[in-house]
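Q: Here's a structure for you.
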Amino acid sequence: METDIVRSVLYSVFFCLSCIGILLLIGTFLRARINIMQRLFLPASVIGGLIGLILRITLFNENALFPLPEDWNIIFSLLPAILIVPIVASIPLGLNYINSNDKKIHFKKGSIQSITIMFIILGIIGASQSLLGLSIASFFKNALHNHDIYATFGTELSAGFAGGHGTAGIVSNILQSFDQSYWNTAQGITITVATVGIVSGILIGIIFINIAARRGYTTFIQTKNEIALDIKTGVQPNVEKQPISGKETTNPASIDSLSFHFALIFMVSGLAFLVVHLFRSADILILSFIPVWSYAMIIMFLLWGFMQKVGLNWSIDVKTKSKITAVLTECTIVAAIVSLPLDIVLLYVFPLSLMLISGLSLTILLTYFLSKAFFSELWFERCMTIFGTSTGVFITGILLLKMVDPEMKSPILKDYSFAYSINSIISFILFPISFGLLVNYGFNIGILFYIGILLLYIILLFFIKDRKQSIE
């Protein structure tokens, strides 16, 4: 009997993953063929997820002729919180290392300062978004007595804008670790915010680039720049232009390089789940409430440090690792969008709309004025890169950068990559702390927490500026 139950669950998981694969293929085809989707630069995972959501609420709802099995809906909603663990676990692996020359990356002093300023600005924008979202939530909860507002409402603004679709899994995972029943609602609102952010961010970015080119703010383009066909369609049919996805650090006679990287990431993820299980079994309250992905990242930092110490860093290829996390991220996005509780999300339409409109306005103002004030050169190119990632994802920042620096002549991509990585690690640390404060102590303490973080970033930014001026 137990064998039959386990077999049924495994079949359901397999068919859900099959559906995700089908939706990704549909999204890829639609992106390659439909002009409006090319203009919006919607990723195939978002398109496929939206198609899946439409099918779920129309053809396959519980009142339809072919309703989805209930366990399928549960699996789709739980997958993001599970898949986010190996995604986050992989972040430290290969950090600050280029295995083509077996050398660490070295930066000039000016480059380090640019990275630091970019990191701080990203932090200021993320903290400001969280502060704004929580202030709006507090207003609706306390002033308007909206009892539907839950303890962490408002954090989705930063999670969706600065984090992107993949962060929905982190939100879900944290709330489940705190035993909060509204985790699926928060995951759905994060997905909604991320979708609005990535579309509006790209459209607003394109408008700004056209205006800036006419006003002479741009360094590498003077008029509207033509976007490469493969970026528009999302496919590269020219075999000669197809990039290499990674290096073979192991011999397939023993183990395939992709399998080796996959094994490391999932081993660490499994150890993280084991650590949480042991802490909860021992009833160690504080340690048992820390999200599993936090332990995964800590364990990976330790493992990667050990591998560097014993000279095994040659075995890691960053591109191969990135491909694994890209696959998992796209599956996470599709599953999160398909499982979006649309009827529940609509209950929050008024505070959510206010949060989105004011959040976009705040992000535009902060990105523009901070970039112009604190970058001495290529300020607009850096501005667009920061704006892209503060409303979408890492790739959105690269997309807008490529529009203003088509041949990638500037050092911005390198600076941006490291600033984004540092900011992501700090955000992963702050997120569970802020959620714990909000769940246990309410909005006022959460707001004070982000005020403190924001002030710290601002002080650090002016300190870096003063030091930069004294060096010059």
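Q: Considering only region 314-331, state which residues are surrounded by fewer than 19 Cβ atoms within 10 Å (Cβ to Cβ) and either outside any helix (DSSP H, G or I) or over 19 Å from the mean Cα position of the chain (by Cα) (or both).
A: Trp314, Ser315
Q: Residue check: is Ser361 out of contact with any helix residue (DSSP H, G or I) (no Cβ under 6 Å at 6 or more places or on another chain), surrounded by fewer than 20 Cβ atoms within 10 Å (Cβ to Cβ), modelled with pLDDT under 85 and of a type in the set (Gly, Ala, Ser)?
A: So Ser361 does not fit the description; no.
Q: Got at least one residue in region 233-250 being at pLDDT 90 or above and crowded, with 22+ Cβ neighbours inside 10 Å?
A: no
Q: Would you tally the residues in region 230-247 being on the phi > 0 side of the Ramachandran plot and more than 25 Å from the chain's Cα centre (by Cα)?
A: Within region 230-247, residues that are on the phi > 0 side of the Ramachandran plot and more than 25 Å from the chain's Cα centre (by Cα) number 0.
Q: Can I ask one more? Please identify the pairs in which a residue from region 1-22 that is under 23 Å from Pro80 (Cβ atoms) has its Cβ atom under 9 Å from the Cβ atom of a residue that is exposed (fewer than 14 other Cβ atoms within 10 Å of the Cβ) and at pLDDT 90 or above, counting only partners at least 6 apart or on another chain.
A: Matching pairs, first to second residue: none at all.
Q: Looking at Asn101 and the list (1) modelled with pLDDT under 95; (2) in contact with a Leu (Cβ under 9 Å, 6 or more places away or on another chain); (3) not small (Gly, Ala, Ser), which single condition is not satisfied?
A: The number of the failed condition is (2).
Q: Turning to a different aspect of this structure: Can you name the residue in region 154-205 that is in a helix (DSSP H, G or I) and either aromatic (Phe, Trp, Tyr) or in contact with a Cys (Cβ under 6 Å, 6 or more places away or on another chain) (or both) and, of all such residues, is farthest from Gln38 (Cα to Cα)?
A: Applying the filter and picking the extreme gives Trp183.
Q: Can you name every residue in region 265-274 that is surrounded by fewer than 19 Cβ atoms within 10 Å (Cβ to Cβ) and either within 24 Å of Ser434 (Cα to Cα) or in contact (Cβ under 8 Å) with a residue 40 or more places away in the chain (or both)?
A: Phe266, Phe273
Q: Kindly provide the set of residues from region 292-324 that are closer than 30 Å to Ile26 by Cβ, touching a helix residue (DSSP H, G or I) at 6+ places or on another chain (Cβ under 6 Å) and at pLDDT below 90, ordered by number.
A: Within region 292-324, Trp293 is the sole residue that qualifies.
Q: On to the next question. Please verify whether region 175-196 includes one or more residues that are under 19 Å from Met403 (Cβ atoms) and buried (at least 20 other Cβ atoms within 10 Å of the Cβ).
A: Within region 175-196, none of the residues are under 19 Å from Met403 (Cβ atoms) and buried (at least 20 other Cβ atoms within 10 Å of the Cβ).
Q: Sticking with this structure for a sec: In region 399-420, which residues are more than 19 Å from Leu122 (Cα to Cα) and either surrounded by fewer than 15 Cβ atoms within 10 Å (Cβ to Cβ) or without any contact (Cβ under 8 Å) to a residue 40 or more places away in the chain (or both)?
A: Pro406, Glu407, Met408, Lys409, listed by residue number.
Q: Report, by residue number, each residue of region 213-223 that is more than 30 Å from Ala326 (Cβ to Cβ) and modelled with pLDDT under 80.
A: Selection gives Gln222, Thr223.
Q: Here's another thing I want to ask about it. Which condition number in (1) over 16 Å from Ile324 (Cα atoms); (2) touching a helix residue (DSSP H, G or I) at 6+ places or on another chain (Cβ under 8 Å); (3) part of a loop (DSSP other than H, G, I, E, B) is the one that Pro252 fails?
A: The failed condition is (2).
The values are calculated or read from the model by the stated rules, or taken from the named source; none is laboratory data. The structure displayed is predicted, hence computed values, not measured ones. Neighbour counts run over all protein chains shown; Cβ positions are idealised from the backbone, glycine included.
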